[in-house]
Amino acid sequence: MNDIDKTPKTGLLIQDRKSDHIRICLTEHVEFKTKTTGFEEYDFIHQALPEINKSDIDISLKLFGKTLKAPIIIESMTGGTELGFQINRNLAQTAQKLQIGMMVGSQRISLEEPSLAYTFQVRKIMPDALLIANFGAVQLNNGFDCESCIEAISMIGADVLALHLNPLQEAIQAEGNTNFSGLLKKIEILKKKLTIPLIVKEVGCGISKEVAVKLKEVGVDCIDIGGSGGTSWARIEAAQAKDEYIKITGEAFSEWGIPTAESIVLVGSATPDIPIIASGGIRTGIDVAKAIALGAKCVGVALPLLSPALESSLSIEEELNIIIEVLKIVMFCIGAVNLGDLKDTKYLVKKR
């Protein structure tokens, strides 16, 4: 790292922001109000004679050399605070038990304040489940470098690194980092230095066809589209802001972005050989099924798991088991015995 302010003041400011994010997500309406994920525009054609045994349905998949028993990744939520550690611990316990993936929250704070690294360190809790490190791409223009990303990976023993893109969120924040110039080249350099796969993800505004092509050209291994229709970070930043100007600006962009379903189709058409993680408003097993049928490899889930994560890993497990059971019933009712059948189904149609 170069020219990084490592004083406790910096870390404390970020800690306060992360604590506020949790509070706001739990107590206020943070989802899009008018814009939707777009999944409601599609329907499955029910097959009264599916010709399969429901008990034979297999929803497992291979991803980054790991076997996931369900096509679900717990998306990045938090870290950097004691409450964040409690949430991450419960999420990790669930990921290990269900053998699904987990992405930690943005690790920048733990590089600035090494004493907070423990809030992200869950590898001992999930020794063989897929664990994904997480770092903001724009930080590569803000004093951090490839070695910082490698440090974030090493810190938690991650299998994969996710670089998140959040230009809208940064533009709304009072002290946001908005220098996104030259980042594609830096992503390319980072990819060449990594010994593990690289995901690039949006945080809720979607990935366009044009961006997907650029990411493919620099060798990115996976795209997490982070589409709109679920959690609106513009709305969260507006709720957090004390400045009225920022509140108004945040609300102006609270419905901004590419709907999740549309982003899946756009990215899939542009980069059919790169796996897609569909995140952004995934709330039910039917959403999961539609996302995969539209072209996603698996899905990411975050907000629905936050409140259960404050209670226990069992509460998270119960929430996910409902999603998983609904997914299996969808597959049963269209005669899809595995995820390959679901992805190739002819029984998902767009409404007229």
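Give the range 59-76 a look and list any residue that's basic (Lys, Arg) and in a loop (DSSP other than H, G, I, E, B), or say none.
Of the residues in the range 59-76, the ones basic (Lys, Arg) are 62, 66, 69.
Passing the criteria: only Lys69.
State the number of residues belonging to the range 15-36 that are in contact with an Asp or Glu (Cβ under 7 Å, 6 or more places away or on another chain) and either crowded, with 17+ Cβ neighbours inside 10 Å or part of a strand (DSSP E or B) (or both).
Total meeting the criteria: 2.
Among all residue pairs at least 6 apart or on different chains, which show Cβ distances below 7 Å where the first residue, located in the range 209-236, is assigned to a loop (DSSP other than H, G, I, E, B) and the second is basic (Lys, Arg)?
So the pair list comes out as Val218/Lys191; Gly219/Lys191; Val220/Lys191; Gly226/Lys201; Gly229/Lys35.
Check Ala296, Ala309, Ala336, Ala291 and return the single one that is part of a helix (DSSP H, G or I) and closer than 30 Å to Lys216 by Cβ. Steps first, answer last, please.
Values: Ala296 fails: part of a helix (DSSP H, G or I); Ala309 fails: closer than 30 Å to Lys216 by Cβ; Ala336 fails: part of a helix (DSSP H, G or I).
On inspection, the qualifying residue turns out to be Ala291.
Scan the range 147-174 residue by residue and report those that are modelled with pLDDT under 95 and of a type in the set (A, V, I, L, M, F, W, C).
Applying the first criterion (modelled with pLDDT under 95) to the range 147-174 yields 173-174.
Matches in the range 147-174: Ala174 only.
Looking at the range 138-164, which of its residues are touching a Phe, Trp or Tyr at 6+ places or on another chain (Cβ under 8 Å) and within 21 Å of Ser279 (Cβ to Cβ)?
Of the range 138-164, the ones touching a Phe, Trp or Tyr at 6+ places or on another chain (Cβ under 8 Å) are 138, 141, 144, 148-149, 152, 155-156, 159-164.
Matches in the range 138-164: Val138, Cys149, Ala152, Ile156, Asp159, Val160, Leu161, Ala162, Leu163, His164.
Select from the range 170-208 the residues that are hydrophobic (A, V, I, L, M, F, W, C) and not in a loop (DSSP other than H, G, I, E, B) and list them in ascending order. Spell out the reasoning first.
So the first thing to find is which residues in the range 170-208 are hydrophobic (A, V, I, L, M, F, W, C), and the list is 171-172, 174, 180, 183-184, 187, 189-190, 194, 196, 198-200, 203, 205, 207.
Within the range 170-208, Ala171, Ile172, Leu183, Leu184, Ile187, Ile189, Leu190, Leu198, Ile199, Val200 meet the criteria.
State which residue is nearest to Thr34 (Cα to Cα) when the search covers only the range 262-288 and only residues that are of a type in the set (A, V, I, L, M, F, W, C) and touching a strand residue (DSSP E or B) at 6+ places or on another chain (Cβ under 7 Å). Lay out the reasoning, then the answer.
Looking only at the range 262-288, we keep the residues that are of a type in the set (A, V, I, L, M, F, W, C), and these are 264-267, 270, 274, 276-278, 282, 286, 288.
Then keep just the ones that are touching a strand residue (DSSP E or B) at 6+ places or on another chain (Cβ under 7 Å); that gives 264, 267, 274, 276-278, 282, 288.
Numbers: Ile264: 20, Val267: 23, Ile274: 31, Ile276: 25, Ile277: 24, Ala278: 20, Ile282: 16, Val288: 21 Å.
Top of the filtered list is Ile282.
Listed residues Lys66, Lys62; which is touching a residue at least 40 places away in the same chain (Cβ under 8 Å), of a type in the set (Lys, Arg) and surrounded by fewer than 24 Cβ atoms within 10 Å (Cβ to Cβ)? Lay out the reasoning, then the answer.
On the way: Lys62 fails: touching a residue at least 40 places away in the same chain (Cβ under 8 Å).
Only one candidate qualifies: Lys66.
The values are calculated or read from the model by the stated rules, or taken from the named source; none is laboratory data. What you are looking at is a predicted structure, and each value in this text was computed from that prediction instead of being measured. Cβ sites come from the backbone with ideal geometry, for glycine too, and all protein chains shown count toward neighbours.
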